[in-house]
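So the structure is just underneath, and the comments pick up after that.
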Amino acid sequence: MSAQTSAPLISVQDLTKTYDLGEMQVRALRGVSLDVRIGEFVALTGPSGSGKSTFMHLLGCLDRPTSGTYLFNGRNVSSLSKRELARVRNTEIGFVFQGFNLLPRTTALENVELPLLYAGNTHAKERRHRAAEALRAVGLGDRLGHHPNQLSGGQQQRVAIARALVNNPKLLLADEPTGNLDTRTSIEVMGIFQRLSEERGLTIVLVTHERDIAEYGSRIVAFRDGRVRSDNAVATSRRASAELTRLDDEGDAAEEVA
């Protein structure tokens, strides 16, 4: 079933968020309505202060809306208790951030195990197996015992992605995941997201201020002043695999010239 014909995983109707800052109120979201279907790869764009990060926090159940309706996997998130929200965050949503947020004194394998450890419903052997599988899925099967300071920035972000995947979430939220990475590593990370969306049918919502990064997605939703200003399918997504091949060919050609 394609993303175009699948049911909505996320259904948002007239969502608002207002922050009370003493005598001043900040209206971060001003009535946002949209659906995200299972298997879609959606990029949220817009300038700083446009509302895109606030919207992601609401999608991730990290905050509650002031008004409006948010249905996640058919459930009204606003009606869930704090404990129920915490369970949804830990078992149904994976998070990837610009800062990798890895524990420095633990190995890649141990970092990826953490969500399973917090859930408390798996044995140590199963945790290790699932964490190792998640690391292999992002190309780090040979780095299980490495600590973050032994890994490049791109490898650390891969560990963070593996950690987000270890609970087999329904939704992956990525907040500026390439912000600390160079061009090639950014393309590699976007390639992982494309593969997860296309091969696993994972639903991905990514926040980025970079238009070229947004174009790796299948749909771009642009925010401004707390509202959705445009919502368009990407006619031809940028293909990370093709771009990496081109970079390799250019590198080989440069070596021959040298």
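Taken together, the values in this text are just the output of simple stated rules run on the coordinates, not laboratory data. Model, not experiment: these values are computed from the prediction. As a convention, Cβ positions derive from the backbone with ideal geometry for all residues, glycine included, and neighbour counts pool all protein chains shown.
Taking only alpha carbon atoms, the chain gives an Rg to Rh ratio of 0.99, where Rh is the Kirkwood radius. With the simple spin-label model, which puts each label point 7 Å out from Cα in the Cβ direction, the Asp63 to Thr245 separation comes to 4.3 nm.
For Gly74, the shell of other residues with beta-carbons less than 15 Å away shows a net charge of 0, using +1 for Lys and Arg and -1 for Asp and Glu.
Listed by chain and number, the lysines whose C-alpha is less than 20 Å from the C-alpha of Lys17, apart from same-chain residues fewer than 8 away, are Lys52, Lys82. Ordering Pro8, Gln150, Leu140 by Cα displacement along the dipole of the chain toward the positive end leaves Pro8 in first place; charges were set at the Cβ atoms of Lys, Arg (+1) and Asp, Glu (-1). Over the residues of the chain, the helix contribution to mean residue ellipticity at 222 nm works out to -11500 deg cm²/dmol, using -39500 (n - 2.57) for each DSSP H run of at least 4. Between the alpha-carbon centres of the range 43-76 and the range 165-182 there is a gap of 16 Å. In terms of other Cβ atoms within 10 Å, Ser33, Ser237, Ser79 run from fewest to most in the order Ser79, Ser33, Ser237. Rounded to the nearest 20 debye, the dipole magnitude of the chain is 1200 debye, with +1 charges on Lys and Arg beta carbons, -1 on Asp and Glu beta carbons, and the Cα centre as origin. Counting only DSSP beta bridges whose two residues both lie in the chain, roughly 55 percent are antiparallel. Compactness of the range 93-168, taken as the C-alpha radius of gyration over 2.2 N^0.38 Å, stands at 0.96. Among 174-182, 154-162, 83-91, sorting by the average number of other beta carbon atoms lying within 10 angstrom of each residue, highest first, gives 154-162, 174-182, 83-91.
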